[in-house]
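Engineer: Quick one: the structure is below, questions incoming.
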Amino acid sequence: MLNDSVPNCLASIDPLLFFVILSLFFFNHCKGENFSNVCDPQSKAFYQTIFLKFALNDKSVACGIGPMPGKEITSFSIPSLGINGIISDSNISLLSDTLTTFTPLIAKFTTTGKNVSIGDVTQTSEVTSNSFSANLVYTVTATDGTTKDYTVTLTAPRTY
C-alpha cells in the first residue's frame, strides 16, 4: 500500500524507470562539476558521491563514506569433534559430550576481519592447532587496525 502523500502520478512509475530518470538528472546536473573535493562535506560533490554510492549499491569505503571495517567471527566450530560454537557478543561457547582430553584441536572459523590471532600467534582456520584446556582469547583485527577480542570456552565432561 502506498503512502497517501505520494502523488498518484509517481505511484504508478516503475522503480527501475524512476531510477533511470533520477540517474539522468543526476548526471546532467553533475556535468562539469569538479569532483576533486569529494571528501569535503561542504561541497556538492560530497553529497553526489553519497548518492552515487547508494544508487549503485557500492559498499566500498571512500572518505569515510561506507561500511565500518569488519572484525567479527561469524562462525566457529571444531570439526574433529563435530561441534559448533554458539557466538554471543564477544563470547564463543563450545560443548562436547564426548571429549575426554584437551589435546590440541583445530578450529574452523569465518571472519570479516583481516586476520585472527591468539596472542602473537596468527590463527588460520582449519590449520592452526590449540589446546583448549583453558579459555582462549581470539583477537580479530580489521583492515583499519582496530581489534575485537572473542573469549572461546570449550566445556567437556569431567573424567575421573
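The values are calculated or read from the model by the stated rules, or taken from the named source; none is laboratory data. These numbers were taken from a predicted model, which means no experiment stands behind them. Note that each Cβ is placed from the backbone with ideal geometry, even for glycine, and that neighbours are counted across all protein chains shown.
Engineer: Would you mind listing the strands (runs of 3 or more DSSP E) fully within region 72-140 where at least 2 residues are β-branched (V, I, T)?
Structural biologist: It comes to 73-78, 86-88, 108-111, 115-118, 121-123.
Engineer: Being loosely packed, with under 12 Cβ neighbours inside 10 Å, over 14 Å from T141 (Cα atoms) and under 24 Å from the mean Cα position of the chain (by Cα) is the filter here, so list the residues in region 87-128 that pass it.
Structural biologist: S88, D89, E126, V127
Engineer: Against the definition (at pLDDT 75 or above and out of contact with any His (no Cβ under 7 Å at 6 or more places or on another chain)), how does T101 come out, yes or no?
Structural biologist: In short, no.
Engineer: Can we say K148 is closer than 19 Å to G82 by Cα, at pLDDT 95 or above, in the same structural domain as G85 (by TED's automatic domain parsing) and charged (D, E, K, R)?
Structural biologist: Spelling it out, it is not the case that K148 is closer than 19 Å to G82 by Cα, at pLDDT 95 or above, in the same structural domain as G85 (by TED's automatic domain parsing) and charged (D, E, K, R).
Engineer: I've got another one for you. Within region 132-160, restricting attention to residues that are surrounded by fewer than 12 Cβ atoms within 10 Å (Cβ to Cβ) and small (G, A, S), which residue is nearest to the chain's Cα centre (by Cα)?
Structural biologist: Top of the filtered list is G145.
Engineer: Here's a follow-up. Please verify whether G113 is at positive phi, modelled with pLDDT under 95 and not acidic (D, E), treating the condition exactly as stated.
Structural biologist: Here the answer is no, as G113 does not meet what is asked.
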